[in-house]
1. Using the beta-carbon distance between Arg39 and Ala200 and R0 = 51 Å, what value does 1/(1 + (r/R0)^6) give for FRET efficiency, to the nearest 0.05?
2. Beta carbons within 10 angstrom, averaged per residue: use that to sort the peptides 324-331, 68-75, 209-216, highest first.
3. What residues qualify as long-range amide H neighbours of Gly324, i.e. H under 5 Å apart, gap of 5 or more or another chain, H built at 1.01 Å from N?
4. Hey, can you grab everything whose amide H is under 5 Å from the amide H of Gln252? Only 5+ residues off in sequence or another chain; H modelled, so Pro and N-termini drop out.
5. Going through the cross-link list Lys61/Lys169; Lys44/Lys169; Lys60/Lys116; Lys22/Lys167; Lys116/Lys169; Lys123/Lys169, which pairs have a Cα-Cα distance over 22 Å in this structure?
6. Give the distance, in whole Å, between the Cα centre of region 282-313 and the Cα centre of region 87-106.
7. Based only on other Cβ atoms within 10 Å, what is the fewest-to-most ordering of Val277, Val148?
8. Around Ile207, which amide H atoms from residues at least 5 apart in sequence, or from another chain, sit under 5 Å from its own amide H, with H modelled in the peptide plane?
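Rule-based calculations on the coordinates, nothing more; no lab input. Only a predicted model underlies this, so the values are computations on that prediction, with no experimental measurement involved. Methodologically, a virtual Cβ is constructed for each residue, glycine included, from the backbone with ideal geometry; neighbour enumeration extends over all protein chains shown.
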Amino acid sequence: MADVTSISWTDHTFAPWFGCTKVSPACDGCYAEHLTATRFGKAKWGPHAERVRSAASTWKKPLTWNRAAARDGTSSFVFCSHLSDVFDNQVPPEWRAELFDLIRITPNLTWLLLTKRPQNIVKLFAQSLARPADDPDLRNHWPRNAAVGCTVVTQAEADRDVPILLKSKLQISPAFAFVSMEPLLEAVGLTRVCLRPRVAGSPRAGIHLNSLTGRYFESGVPYHGDWDINGPAPTGPGLALDWVITGGETDQGKHMARPSHPDWFRSLRDQCAAAGVAYHHKQNGEWAPVAIVDPDGIVRGDDIMIWPNGHIGGGTHHQHGGYGSLQRKVGVGRAGRELDGVIHDARPATQGAA
Ligand code: SF4
């Protein structure tokens, strides 16, 4: 594993163990499964596959990074875990307890604990302390240099997982809370996360949370009632996300990258700007608008038209809920990171070295 990563939103990557189980549409092209199978020969995927712990030398690297950060007066970001899921409940609990011990003795690093299982954050952290998950004292044990995040690639995942992530934020007081929206598979409104639909299965009417401001509303007006998964409704910045990362998909082995409509990224950029939340666009993915990558604009047979509603197909005019984007598969390097000519590199504020 490299000491320094090419992932733009972190400074280091740390893989405490290998192996996982697919739980989200974002897992369809699992980078970790492909990389571990092709490079390390350690792929362990599925609910019954034994997880593999990394070498002792890997576990020592954060100590080196921590010394460097202390010397330089920085607070380097460490993405944990990029080759598994840190809150995978198939992992032996003692490994996770050792991970939290490592986080505690590296206070000059900011650990990014990114998961596709936000429902396990508090439960498995409590398990690492041998305490009950509803222990109000958990927040006093959570390492202040650890942030929590979850992957969100569809509106349904936002409605289901963002409230759980924010509830975890209230319970454990992490460094900050964030979402990684890669690969972004449709338009997602973080300003209208549905907490309780008025009619089951119809989430666009009911009680909503603007997860970028922490404010609730119902039918467009402020709501002050209860939030059914968290009792009396808390409100304000404590209930809001602190950082949003977006990105398009890359090919992984036989899995071919799905395109993202640029409007989906633009919308999240603008939602974050309106709320003052840090926004980071990691990459456009394998696909890019033909208008940008081909100045002559000659349409090729393998170009595709993607519509704002996710429909992929023909058409040259305004239809399918908005304007189509004619895209060409040019590779992740050429597609680049710019969104409308701008690189969005923001990171959330940290308290610096502890
Ligand atoms: S959670 Fe992450 S590591 Fe696990 S299968 Fe999904 S993409 Fe792969």
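1. 0.65
2. 209-216, 324-331, 68-75
3. Gln319
4. Correct list: Ala257.
5. Lys61/Lys169; Lys44/Lys169; Lys60/Lys116; Lys22/Lys167
6. After rounding, the separation between the Cα centres reads 42 Å.
7. Val277, Val148
8. For Ile207, whose amide H was placed from the backbone, the distant partners under 5 Å are Leu195, Arg196, Arg198.
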